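Reading through the structure tokens given below for one structure.
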Amino acid sequence: MSTEETPADVIDHAVHKAWRAHLPTEDFTVHDNFTRLGGTSMLAIRIIADLRRELKTGLPLTSIFEAPTIHGLAELIRRRSRSLERSYVPMTIGHPNGKSVIHGKTAFVFVHPVGGAVSGYWDVVQGIPQGIECVGLQARGLDLECEPHVDIPTMASQYLSEVLAHHAAEDVVLSGYSFGGLVAYEMAHQLEQEGRLPAGLLLLDTHVPDQNDSRPSRIRDLRALAAAIYRLPIAQLESNGEDVDDREVVRKIIDVARHCGTLPEEYNHEGLPRLIEVLALNHRMSYTYEVPDYKHDIHLIRPAGSGSGDALHAWSKRCSARFVTHDIGGENHYTLMSGVHGNRIAQLLAELWLR
């Protein structure tokens, strides 16, 4: 590394040190792209964890999506201390070969699922054609300096304000996986109420929660989500009785996550309690959300053979939009976004909105 590229201050030095510790090569400059150097989602988690410890910052796990170079990531850390934006995460990552080709102003917006992070869209974003803007919306509550949202309409309104600071409404395709689909739907509805429309709306296996579900059923569902998302043993999350205080359920999940040893070490930081609290809050918000009417086209992606005709029926009962369904494979709800299935979602996005 040349003298002019040597890290200039504490932040630059910390970022350079973290990259050197985790990337499979030390032959890089401050302007080299993370992905081109062999970076993966797990290596990104480890680098961000190091920076959190070293710089005492609440840097989101998705920061390398936004700033995939040493120089860019250092600038992002400086900028975050002055920025009011807490959810908007540019996710476009440079590809190893070829020149970028910009297709108009289209931007794909991915709203976080119930866990609050947008890292689950990694495989989808990697399959989007070069030069197309991709944006993630992560839960503000994951930033320890912010209070979590408590209802979907407020969340959607604040997310829209951040998106529209960068893009015209008619240029964005709003999408969301599971819980994120509810928020994307509400964002589209709010735009419709203002006489504007997004370029498109895509729900990724999003179900309308049954508000008549019993409280024990909702608690079981929360435990199952925590077990699936954070790879926790479901048996250790259970209690002797179903009539348990919600806060006790959250405390139990946090305790198991800290001690069961199934989470990567990088997740066991001071933000872990907030991570679980955001999961529980978002889960609760979905059951209190009153689905408003929406009159324009909606695309719904489902795992093949998922038997989710009930989901389409539930949506059709609540809004007058025209639904177009797409079965793209995937064993179940939890495998829909990964690997080849994520790539198929990217291909569908391109077919629908980049023609």
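The values are calculated or read from the model by the stated rules, or taken from the named source; none is laboratory data. This is a predicted model, so every value here is computed, not measured. We place every Cβ from the backbone using ideal geometry, glycine too, and count neighbours over all the protein chains shown. Protein only, heavy atoms only, side chains kept; ligands, DNA and RNA dropped before computing areas. Shrake-Rupley method; radii C 1.70, N 1.55, O 1.52, S 1.80 Å.
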Apportionment of accessible area to carbon and sulfur, the chain, percent (1.4 Å): 48
Whole-number accessible area per residue in Å² for the chain, which is evaluated in the context of all protein chains at 1.4 Å: 46
Nearest-0.05 FRET efficiency for residue 284 and residue 13, computed from C-beta distance (R0 56 Å): 0.85
Antiparallel DSSP beta bridges within the chain, as percent of all bridges there, nearest 5: 10
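Obtain the radius of gyration and the Kirkwood radius of the stretch 126-217 from its C-alpha atoms and give Rg over Rh.
Over the Cα atoms of the stretch 126-217, Rg/Rh equals 1.00.
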Computed accessible area, residue 230, all protein chains, 1.4 angstrom probe, square angstrom: 20
